[in-house]
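The numbers here are math on the coordinates, done by the rules we state, and not lab data. Keep in mind it's a predicted model, so treat the numbers as computed, not measured. Cβ placement follows ideal geometry from the backbone for every residue including glycine, while neighbour counts extend to all protein chains displayed.
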Amino acid sequence: MCGITGIYDTTGKHPVWEADLTRMRDTMRYRGPDSAGIYISPDKRVGFGHRRLAIIDLSPAGHQPMQYQKLWITFNGEIYNFKELREELRHKGHTFKSQSDTEVILASYAEWGTECVKYFNGMFAFAIWDEKHKELFAARDHMGVKPLYYALQNGVFYFGSEI
């Protein structure tokens, strides 16, 4: 189990601060004792926090939040068919730096956009920030196994594995 959290300021009036993300992320320390990470977009409108329980790709290459091209992700779960998807995506020209299912989600999003979830067999909750298009995409698995709580207050979207 991992823990994900994030903030997206839709208005541009409430910058994301690292201290806020760290506090949110570390309330879930028990969900991911192996490592912790933070990403804040250059314009400070988006921030992701991640607590990692390393299961697939135990190397630092599996660290999150993870970047692929101009995409960033924070992800909790497991994509059971990621090896098959990785091969399909390699044939389409995608390259990979890790052995993680996380990177396969990012490449899938780069290839198929929001339709990528139709390809996933697994349990998951994730958020992807598309830096190029300034879009946030959040999703959870089809059966709702992995939690993804969210709230919108004063134009700021908050999400996480826990309330």
Once phi for every residue in segment 13-26 is put through the Karplus expression 6.51 cos²θ - 1.76 cosθ + 1.60 (θ = phi - 60°), the whole-Hz ³J(HN,Hα) values, with Gly and Pro written as x, are 9, 10, x, 7, 10, 4, 4, 5, 5, 4, 4, 4, 4, 7
Under 5 Å, built H, 5+ apart or other chain: amide partners of E135: D130
On C-alpha positions alone, give me the angle between the axis of helix 82-91 and the longest principal axis of the chain, in degrees, nearest 10. 70 degrees
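Can you classify segment 1-160 as rounded, prolate or oblate using the Cα gyration tensor, where a ≥ b ≥ c are the square roots of its eigenvalues, rounded means a/c under 1.5, and otherwise it's prolate if a/b beats b/c and oblate if not? Walk me through the intermediate numbers first.
Numbers: a/c = 1.64, a/b = 1.36, b/c = 1.21.
Prolate, since a/c reaches 1.5 and a/b exceeds b/c.
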All lysines inside 23 Å of K83 as judged from Cα atoms, apart from same-chain residues fewer than 8 positions distant: K70, K92, K97, K118, K146
Estimated inter-spin distance, R23 and K97, nm [label 7 Å along Cα→Cβ]: 3.1 nm
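Given the convex hull over the Cα atoms of segment 104-161, what projected area results after averaging over all orientations, in nm²? Don't jump to the answer; show the numbers that get you there.
Numbers: hull surface 17.5 nm².
Average of the hull's projected areas for segment 104-161 equals 4.4 nm².
Let me check I've understood the local charge: for Y150, count other residues with C-beta under 13 angstrom from its C-beta, Lys and Arg +1, Asp and Glu -1. What total comes out? Could the numbers behind the result be given before it?
Values: positive: R140; negative: E162.
Result for the neighbourhood of Y150: 0.
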